[in-house]
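The values are calculated or read from the model by the stated rules, or taken from the named source; none is laboratory data. Nothing here was measured: the structure is a model prediction, and the numbers come from that model. For neighbour counting, all protein chains shown are included, and Cβ atoms are generated from backbone atoms with ideal geometry for every residue, glycine included.
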Amino acid sequence: MKYTQLLSKPSKAAPHEADSINAKFLVQGAFVRQEMAGVYSWLPLGLRVLNKVQEIIREELNALGAQEILMPALQPKENWETTGRWDSVDVLFKVPSQTDREYALGPTHEEIVTPLVGSFVHSYKDLPTAVYQIQTKYRDELRAKSGVLRGREFGMKDLYSFHASQEDLERFYELVKQAYLRIFKRCGLDAKIVEASGGSFTKKFSHEFQVISPAGEDNIIACSKCTFAQNSEIATYQADQACPLCGAQLQAVKGIEIGNIFDLGTKFTSVFKVGYTDEQGERQTPLMACFGIGTTRLVGAIVESNHDDKGIIWPEEVAPYQIHLVTIQSKDVDATEQIMSTVSSLYDEMVEAGLQVFWDDRTDASAGEKLATSDLLGLPVRILVSQKSLEQGGVEIKQRNADEAEIIPILDVIERLKED
C-alpha cells in the first residue's frame, strides 16, 4: 500500500476531544473515525488490525473444535421475555417496528444461541458442542468513553458451549482459559486471569481477563510477581498483603477487561426447555458456559499497553503492515531520481516476496513529517531510504521499539526482513 493511495490520511494534530491514549492515536492515525459518542467507523488501517485480531481468535478457537456461526443482531422480544431479561437489562436497545412489534439489538446472544443449539441437540451423542461468532453488539451505555474501550456499538467474539456433565464443562472451561491466554499473548498483551463473581449472568464461578493499565475502569488486587488476581468487588485479599500463591506483595491496580468466561449452568437451557436423552434413555438438561472477548475493545487495549509519547507500537502479529518504507527527498534532482528508482524497485520486490509493506511515497512532505507519521502509525520496522543512506551503502533499518537504526545493503533487505 502506498500512502498517496490510502483513503484515510493520518492527521498532524491529535483530536481535542480524545479522552484516552487509544482514542488519541487511533483517531489521529486514521485507524478509526468517530461518528458519534461510542460509535466508530473502522478505516483501512484500523480494519487490517481488527481483522488480524479476529483471525488470531479464530485460529485458537477452531483448534479447540469450536464451530463458527453468525447469528442475527436483531432479536425477537419474545426470547428476552422468556429469560426475564427484557426489563432487567438496562443497556438493552429496544427497537419498535412499524408492524407494532418490538425487537432487541443484541448486547449478547444467549437468547438466540440457546434455542438454536437446542434445535440440533437431541442425544448425549450430540454433546459436548461449542459454537462461536464474531459480530457487532449494541449496548445503550449512559456514558460511552475511553475511545473504543467502551462503546454503544462494538465488536465481540462470543463462544457458547453445551455439556452433559459439570466435569466436562469444567474441562472445556480450562481449555478456553489457556486459549485466551494464547490469544492475548499473540496480541502483545500480558493478561491476568482475575477471579470474579458471576454478576447478572450466574451465581457460579466466573473469570475476567484483565490487562493492568491506568486506563482501566476495574479495580484489581493483583500480585506483582505471579498470575494471582481478584476483582476488588469480591476480593478476599487486600493490597499490601502477601500473595497466597507466591508470597509477593499484592497491589491495588487498574485493569482493562478484555475477556470474560462464565459457567451458566442450566440458567438458559432450562427456560428454553433444551433437553437431550442420556445413555439410560432419560431426558436431561445440558449445562452451558459462555466465553466473551471484546474484539474492538481488544484493539484499544493493545494501544493502551503498546505506545510511547510519539504514537503506537504495534505488536508484530496485529500490525496493519509489518514494514513502513520511507523515502526522504534530496535537494539534488539527480539524487532524488536515484532514491525514487531504488525505492520503487525495492517496494516491488517486497510485495513480490509477500511482505506487508506500507510506502510513504509523498513528494510534498518533509523528512520530519514523514518520520513523525511513521512513529504515530507504529509499524514494527521502518526502512528509510535517503541520499545519506545510499551514500553509506544501503538503507536505514530501525525497529519501532528500538532507539538505534543501522545501515544494511539494499541486496540484504528482503532476506533480513524475512528473518525478522
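Here are a few things to note about the model shown:
- The criterion of at least 1 residues that are at pLDDT 95 or above and under 30 Å from ASP278 (Cβ atoms) is met, among strands (runs of 3 or more DSSP E) falling completely within segment 99-171, by 129-138, 153-163.
- Looking only at segment 1-30, and only at residues there that are of a type in the set (A, V, I, L, M, F, W, C), part of a loop (DSSP other than H, G, I, E, B) and more than 23 Å from GLY354 (Cα to Cα), the one that is modelled with the lowest pLDDT: ALA18
- Filter pass, THR373 being of a type in the set (Ser, Thr, Tyr), under 28 Å from the mean Cα position of the chain (by Cα) and either surrounded by 13 or more Cβ atoms within 10 Å (Cβ to Cβ) or modelled with pLDDT under 95 (or both): yes
- Taken over segment 78-98, the residue count meeting the criterion of being outside any loop (DSSP other than H, G, I, E, B) and touching a Phe, Trp or Tyr at 6+ places or on another chain (Cβ under 6 Å) is 3.
- Filter result (hydrophobic (A, V, I, L, M, F, W, C) and more than 15 Å from MET350 (Cα to Cα)) within segment 394-420: ALA402, ALA405, ILE407, ILE408
- Qualifying residue in segment 170-192 (condition: more than 22 Å from the chain's Cα centre (by Cα), surrounded by fewer than 22 Cβ atoms within 10 Å (Cβ to Cβ) and among the acidic types (Asp, Glu)): yes
- Single match in ILE383, ILE302, ILE339, ILE312 (criterion: hydrophobic (A, V, I, L, M, F, W, C), at pLDDT below 95 and either within 33 Å of the chain's Cα centre (by Cα) or not assigned by TED's automatic domain parsing to the domain that holds VAL211 (or both)): ILE339
- Counting only strands (runs of 3 or more DSSP E) wholly contained in segment 212-284, the ones carrying 3 or more residues that are within 30 Å of TRP80 (Cα to Cα) and touching a Phe, Trp or Tyr at 6+ places or on another chain (Cβ under 9 Å) occupy 250-265.
- If you go through segment 25-55 and keep only what is of a type in the set (Val, Ile, Thr) and surrounded by fewer than 19 Cβ atoms within 10 Å (Cβ to Cβ), you end up with just VAL39.
- Within segment 311-344, tally of residues that are polar (S, T, N, Q) and either outside any helix (DSSP H, G or I) or under 16 Å from LEU417 (Cα atoms) (or both): 4
- Qualifying residue in segment 34-46 (condition: closer than 30 Å to PHE172 by Cα and among the hydroxyl-bearing types (Ser, Thr, Tyr)): no
- Within segment 63-75, residues that are in a loop (DSSP other than H, G, I, E, B) have Cβ atoms under 8 Å from residues that are among the basic types (Lys, Arg) and surrounded by 15 or more Cβ atoms within 10 Å (Cβ to Cβ) in these pairs: ALA73/LYS137, counting only partners at least 6 apart in sequence or on another chain.
- Qualifying residue in segment 236-252 (condition: over 30 Å from THR285 (Cβ atoms), surrounded by 21 or more Cβ atoms within 10 Å (Cβ to Cβ) and in contact with a Gly (Cβ under 8 Å, 6 or more places away or on another chain)): no
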